[in-house]
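Written below as structure tokens is the structure these notes are about.
The values are calculated or read from the model by the stated rules, or taken from the named source; none is laboratory data. In this text, all values refer to a predicted model and were calculated from it rather than measured experimentally. In this analysis, Cβ positions are derived from the backbone assuming ideal geometry, glycine residues included, and neighbour counts consider all displayed protein chains.
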Amino acid sequence: MRKFLQIAMIGVLSTFALAACDKKEEEKAAAPVAVEVKMPTDPNNTQAWKAYLVDVVKRNMAGVTSGRPYMYFVPGGDSQEAQDQRINQLQNVQVVVARTVLPGNMVAFGGPDSKLTGDLILDAFKDAKAGAFKDVVVLFIGATADQQRVQDALAPTSAVYRFVEMK
């Protein structure tokens, strides 16, 4: 009787193990392949730009422990609407900077005009307290020409600076 129970237990455990393997294989087969979103060529296509920026942020989440980064889309253009949106974004970022961000979070910036995005970051962080962003990742998605000035502006905050070239 004892041997029968042992054999039955081995059979039951084997069935569960095989069922779990089948589920893992099904999950792998059903998982979509991540396709990199290409940078939009139209600076006025806001939805395409936002999709591109979300993709870049997702690919640069290493070391970020929070599940939801603070993401800021900085619109390009000289229209009054675009200027108003940038002013609104700047005010939002200034509030976040004044309150600081908990370590392990990410604050990401991007938009079709790298210079305008860089300017917004500089304006938003100019009054940040020294060391206030220790262990916070600040991601700038922009042009190489703007990389160093943004890095220099963020240095006093002790933020972990990451730069991704738009391409």
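Quick rundown of the values:
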{"item": "So residue 163, is it of a type in the set (Phe, Trp, Tyr) and in a strand (DSSP E or B)", "result": "yes"}
{"item": "Of all residues making up region 67-124, the number that are part of a loop (DSSP other than H, G, I, E, B), over 17 Å from the mean Cα position of the chain (by Cα) and of a type outside the set (Gly, Ala, Ser)", "result": "4"}
{"item": "Condition check for residue 132: outside any helix (DSSP H, G or I), out of contact with any Leu (no Cβ under 6 Å at 6 or more places or on another chain) and over 20 Å from residue 73 (Cβ atoms)", "result": "yes"}
{"item": "Residue count, region 36-84 (criterion: out of contact with any Asp or Glu (no Cβ under 6 Å at 6 or more places or on another chain) and surrounded by 13 or more Cβ atoms within 10 Å (Cβ to Cβ))", "result": "30"}
{"item": "Scan of region 140-163 for residues that are closer than 18 Å to residue 111 by Cα and either among the acidic types (Asp, Glu) or out of contact with any Gly (no Cβ under 8 Å at 6 or more places or on another chain) (or both), ordered by number", "result": "143, 144, 145, 146, 147, 148, 151, 161, 162"}
{"item": "Filtered residues of region 135-152 (kept if small (Gly, Ala, Ser) and surrounded by 22 or more Cβ atoms within 10 Å (Cβ to Cβ))", "result": "142"}
{"item": "Residue satisfying all of: in region 32-66; assigned to a loop (DSSP other than H, G, I, E, B) and small (Gly, Ala, Ser); nearest to residue 96 (Cα to Cα) among these", "result": "66"}
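For every residue, the table says whether it meets (1) of a type in the set (Asp, Glu); (2) under 21 Å from residue 146 (Cβ atoms); (3) not assigned by TED's automatic domain parsing to the domain that holds residue 150.
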residue: 63; (1), (2), (3): no, no, no
residue: 69; (1), (2), (3): no, yes, no
residue: 81; (1), (2), (3): yes, no, no
residue: 111; (1), (2), (3): no, yes, no
residue: 125; (1), (2), (3): no, yes, no
